[in-house]
Each structure stands twice: as structure tokens, then as C-alpha cells.
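Beneath this line is the structure, given in C-alpha cells, with notes to follow.
The values are calculated or read from the model by the stated rules, or taken from the named source; none is laboratory data. Being a predicted model, the structure only gives us computed values, none of them experimental. Positions of Cβ are backbone-derived with ideal geometry, glycine not excepted, and every protein chain shown enters the neighbour counts.
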Ligand code: ADP
């Protein structure tokens, strides 16, 4: 076999990623070492996993380890393992394309600036290997698969977005990644720096990491699985470092849970709840769970989505079970009773802990809930079992709270006047609109508190017929709200029927119905909603996502006691074809729209009419 060189182009999305990697400046370049070490540990894990069934592929005396070899003369750094190795084909596939399918999508939405500010995202994308280009001019990967007797070398200096594959002199099974460090990254040749990086990010890796300098090899990680240690044996700094090594979040977490469950099924848990979302756009898209499942210190499933429900997908950490089978497959996890037990236990603990923080540290909880609240709320839709606990985690602004301050359902209920039977809310884009909405007038007059909710997830939740301690929730704009129907309401309705029909006829393109109001006191009109219909904002979203929802079915209510309506009624009784009457009726619709934070139907007309009115003496 001749020494043939094959040249390949990186796939388009890989190029794009490389561009970002190479041309951006990084404050956290150091994560490359963690990435390569974790790939190596992974490679050893995978080999050991195969060996469970194909026992002949490893020798029982074999020592698995990862070596780091800096070379100052050559300005090179080698990370070497005796793991599973890669065939020629695997080198091409694994190191020429981006592994995870979601990556491309993220790259499209992520501006370069976002990555510059948060380079740790590179790791979250699962494109770890490429992070090595942050510190290298050129990379060589020499690898021999357990299933192949040939060794191949992959190399790339990235300038022309290509990589080469050549047959290489044989090495023993495994992979050697050699980085030719760029001039800005020579610090990573220093023994001291390597040691502290390994300590910080890779200390718990279950295989020895040997540093090979001039002296004899020295193991520089403790291999200590801190999640198995007793709480009092772990320092705050160790927890922080571990959290960073898992999450790439350089902020301190909001809190952590570290405990050991004993009994029929034993397992250890160390999980962290973050304090901040990494980027505003990430969490919606980032569907992955962040819990790694170990069985007696062996990583079994990376990011196991079975361990936590989706609405807790921001929780990061490790679960280590003593009695799950080592070779359990991803597919079987979901049905495994022990996994179900772990999940139950963990969900309960996390919800309890959040509740504790809400009570003991309201300031930090508020910041946390601003960012993660929408995700937690998803749990009200999916998890009947924990509804009560989840409802207790919610916080709201309301007619009783000052701007920026919040209340919760427990407090709400304890403040309810005796005659109040339901929990009231209003959905609005902002506090100002909510506070001044005419729909609240009657509720305010009764001293009923109204919670301020936002379009989107809040609305969807409120359509679920939730109950809190036997109280149901009702929108202040619900058409069937009946709080204080005056005795002469039916009589009034009869009297004004003709006018209502007339207005309805004039506005039939925009409204489903016009009716007499019993909730307005100071304002002439407002919109109300049918149960099950969504706000215009949410309708836009739902239409956008192609979900089928009926078009707006707006109902406008009219306050017959308001002078403006009395004026219209007078005009109507005098002369129904008075052009002024028609104009006023359209103005009513515009008023209702504006109160809801929308635009008048025809803003120019509206402005002209108001100007005219102001001019008339
Ligand atoms: P990830 O590790 O998140 O899948 P990477 O870009 O770091 O993404 O690596 C891509 C793939 O290359 C890995 O999934 C693995 O199959 C392969 N790989 C990387 N490093 C090694 C190694 N040291 N030994 C064997 N395979 C490796």
C-alpha cells in the first residue's frame, strides 16, 4: 500500500463554524483541553462498553489512561488515549462534519457576536473537537481503531477548509491528537497551566490523566467522583469548578442538590440549577436534558432525557445509580422502573428546593424566575402530578404589587375578600396596559386583586382549567364574567338593543358581537374574549407555527351609562343615517383597540377625526 494522501473539504456548516472559531477572540479558549480530554474518556468508555459483549477486544490487564505531552521546541501539545480509535472512514465522518444535527440550526440563528461573548456555547453545541482550532494553527489526529490493523493520520491547517488523510505508521489502538499551538496560545505548554486546567475541568474524569514532561509521567487528576463524596468532604470551590466543567456557565449556579438516596434502590445525585440563561435565544431551542447518567462511576448515558421532565431541562448534573445494569440502552431507560423512581425522587427534590429558595431568597429567585419561569410553566401542561407544587413556584405582578414586585398564589388567596370566588387575571403585553385596562374597573371596585399575565405560555396555561386550592382562574376579559349585574341590567339591555344591533352591523367585519357591559364603570367600551380564544399576540404566534386556530372572535362591550355612549344613542334616535353617528361608531372600535395596546384600524383617519373633534366648539 502506497502512502496515498486523500484531500477532503469540510462540510459547509463545519466551515461556517470554523470561521467563527478562528476569527473570533476568546476569553475562554482554555476549554479546548477539557473537550479533547472528554473525547478521550469517551473513546475509552465506548471501547469498554463494547468489551462487555465482545470480551476479546481488550486485554484484562490493560490500563486505560489519557496522556498529555507538551513539547516546547515543537510548540506542540499531544492528547493521547488508548480508547476505541477511529477507522479511516470514521476520521472522515467524525472530524469532517459537525456531529449533532441541531448545530446547523443554531449556527444560523447565532450572530457571530453572541459566540464571541459566550465561547462556551461551542461546547454546548457538541462541536468540542473544533474548539482546538481556537489555540492551534494546525492539527494532526493519528488514530487506529480497535477493529482495524491500519493507522491513519487526519491533518488540517484549516486555511483552505480542507483536511488530508494519509496512512500512518502503526500505533497501538487509540487516538493521538497533536496540536501545533498558535503564537497566542503558547501558555498551554506550561506545566503549571496544564495542571490547573485539568484540575478545574477534568479532575473527576474516571481514567488517570498522565502529564508527560521531562520527568516521569505523573497523574494530575484525582479521578474523584465528587458526586459520590460526602457533602462535608467537598469544598464550595470544588462544586463551582465541577458545575463549570459540566455547564460552561461561568456564573455561579442558583443552587445545588447533593444527596444520596438509600433504600431499595441506591443512587447519588449532584445537580445544579443555573441562575442565568446562557443566551436569550438558547433555551427555547436547546431541547437537550443536561443530566448525565452514571452507573457506579461509569458514564452510561450522556444527557439522558429520561431522568428529568422537559420543563426541568435547565437542571445540570449527574445521577449515579448503584444498581442499574451497566449495559442498559438508551431505548430501555424509559421503561426501567429504577429510572422512573430516580426521576420521581429528583423532580420532587428539585421542586422543593426551588420552593425553598423562593421563600428564603426572594431576590435571587425573582431573577431566576424571570428567565426560567416560562420553561417551568410548561410543566403545568405536561405534569398533572406536580401541578400544585408548580403553581406554588409561580410569581406574578398584580394590581396589589408595586411595579417590579411580585406576589404568589398563596398570598393572593389569603388576601381575597370574603365574597371573591375566583382568581382573576388579565393578559397583557405590559403592566401599564394591564393596570389601566377598562376590563378591570368592576373588579377594582370590588377590591379584587388581578394578576398580570403575559401573552404566550401564560395564556395557554390558563386555557387548561387549572385550579389552585379549589379556586379556578378567570380572565378579567372573559365574556361570561358576571360580577355585579345591576338589577335593571335586563331592562337596559332591552332598551338599547336597537343601538347594539346597529353598531354591530356597522362593525361586522371586525367584531363578532356588541353587547351591553356590566364590568365597565368609567370607560365607554372594552373588548372581552370568549373562553378558549387567544389574544391577538398569541394568535399571531400560532398562525406562524401553522397551528390551526379560529380567527379572532372579538366581542365589544359598551357602557350605556357613559356620556359618550349616551351621545351616540341620542344621535341614533334622531337620525340613523347621520354621517357623524357612523364616524363615532368607528371611533369606538378604535378606542377599544388602543386601550388594548393595538393600532386604530386606520391611524390617519383616527388622527384626523380626533383633531376635528378638538377643533369643534
Ligand atoms: P462530540 O464529542 O460532542 O460528539 P466532537 O466534535 O468533539 O463532538 O467529536 C466528533 C466525533 O469524533 C466524536 O463523536 C467521536 O466519534 C470522534 N472522536 C473525537 N475524539 C475522539 C477520540 N479521542 N477517540 C475516538 N473518537 C473520537
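Checked against (1) over 18 Å from residue 554 (Cβ atoms); (2) more than 29 Å from the chain's Cα centre (by Cα); (3) free of Cβ contacts under 8 Å to residues at least 12 places away in the same chain, residue 505 passes all but condition (1).
Just to be sure, is residue 208 closer than 30 Å to residue 225 by Cα, more than 14 Å from the ligand (Cβ to nearest atom), assigned by the TED database to the domain that holds residue 45 and surrounded by 16 or more Cβ atoms within 10 Å (Cβ to Cβ)?
Numbers: closer than 30 Å to residue 225 by Cα: yes; more than 14 Å from the ligand (Cβ to nearest atom): yes; assigned by the TED database to the domain that holds residue 45: yes; surrounded by 16 or more Cβ atoms within 10 Å (Cβ to Cβ): yes.
For residue 208, the condition - closer than 30 Å to residue 225 by Cα, more than 14 Å from the ligand (Cβ to nearest atom), assigned by the TED database to the domain that holds residue 45 and surrounded by 16 or more Cβ atoms within 10 Å (Cβ to Cβ) - is met.
Going through (1) more than 19 Å from residue 43 (Cβ to Cβ); (2) modelled with pLDDT of 85 or more; (3) not assigned by the TED database to the domain that holds residue 128 one by one, residue 197 falls short only on (3).
Return the residue satisfying two criteria in turn: it lies in segment 156-185 and is assigned to a strand (DSSP E or B), more than 11 Å from residue 136 (Cβ to Cβ) and within 16 Å of the ligand (Cβ to nearest atom), and of such residues it is farthest from the chain's Cα centre (by Cα). Before the answer, list the steps.
Of the residues in segment 156-185, the ones assigned to a strand (DSSP E or B) are 156, 162-168, 174-181.
Subset that is more than 11 Å from residue 136 (Cβ to Cβ): 162-168, 174-176.
Next cut, within 16 Å of the ligand (Cβ to nearest atom) only: 163, 165, 168, 174-176.
Values: 163: 35, 165: 39, 168: 45, 174: 37, 175: 35, 176: 36 Å.
Checked segment 156-185; the qualifying residue farthest from the chain's Cα centre (by Cα) is 168.
Please specify each residue of segment 470-509 satisfying the condition of being within 30 Å of residue 387 (Cα to Cα) and at pLDDT 85 or above.
Keep residues of segment 470-509 that are within 30 Å of residue 387 (Cα to Cα), which gives 470-483.
Selection gives 470, 471, 472, 473, 474, 475, 476, 477, 478.
From the list 354, 380, the lone residue that is surrounded by 20 or more Cβ atoms within 10 Å (Cβ to Cβ), at negative phi and touching a strand residue (DSSP E or B) at 6+ places or on another chain (Cβ under 8 Å) is 354. Is there a residue being assigned to a helix (DSSP H, G or I) and either within 11 Å of the ligand (Cβ to nearest atom) or modelled with pLDDT under 80 (or both) anywhere in segment 66-78? Among the residues of segment 66-78, not one is assigned to a helix (DSSP H, G or I) and either within 11 Å of the ligand (Cβ to nearest atom) or modelled with pLDDT under 80 (or both), which makes the answer no. Please work out if residue 44 is under 18 Å from residue 178 (Cβ atoms), within 13 Å of the ligand (Cβ to nearest atom), modelled with pLDDT of 90 or more and surrounded by 17 or more Cβ atoms within 10 Å (Cβ to Cβ). Here the answer is no, as residue 44 does not meet what is asked. Checked against (1) assigned to a helix (DSSP H, G or I); (2) over 30 Å from residue 378 (Cα atoms); (3) modelled with pLDDT of 90 or more, residue 410 passes all but a single condition, namely (2). For segment 466-492, the tally of residues that are in a loop (DSSP other than H, G, I, E, B) and out of contact with any strand residue (DSSP E or B) (no Cβ under 7 Å at 6 or more places or on another chain) stands at 10.
In this structure, is residue 87 more than 16 Å from the ligand (Cβ to nearest atom), in contact (Cβ under 8 Å) with a residue 60 or more places away in the chain and more than 34 Å from the chain's Cα centre (by Cα)? For residue 87, the condition - more than 16 Å from the ligand (Cβ to nearest atom), in contact (Cβ under 8 Å) with a residue 60 or more places away in the chain and more than 34 Å from the chain's Cα centre (by Cα) - is not met.
Consider segment 90-103 and keep the residues that are over 26 Å from residue 149 (Cα atoms) and either modelled with pLDDT of 80 or more or crowded, with 17+ Cβ neighbours inside 10 Å (or both). The one that is farthest from the ligand (Cβ to nearest atom) is 103. Is it true that residue 581 is part of a helix (DSSP H, G or I), more than 26 Å from residue 477 (Cα to Cα) and at pLDDT below 85? Here the answer is no, as residue 581 does not meet what is asked. So which of 493, 441, 513 is surrounded by 13 or more Cβ atoms within 10 Å (Cβ to Cβ) and free of Cβ contacts under 8 Å to residues at least 40 places away in the same chain? From the options 493, 441, 513, the qualifying one is 493.
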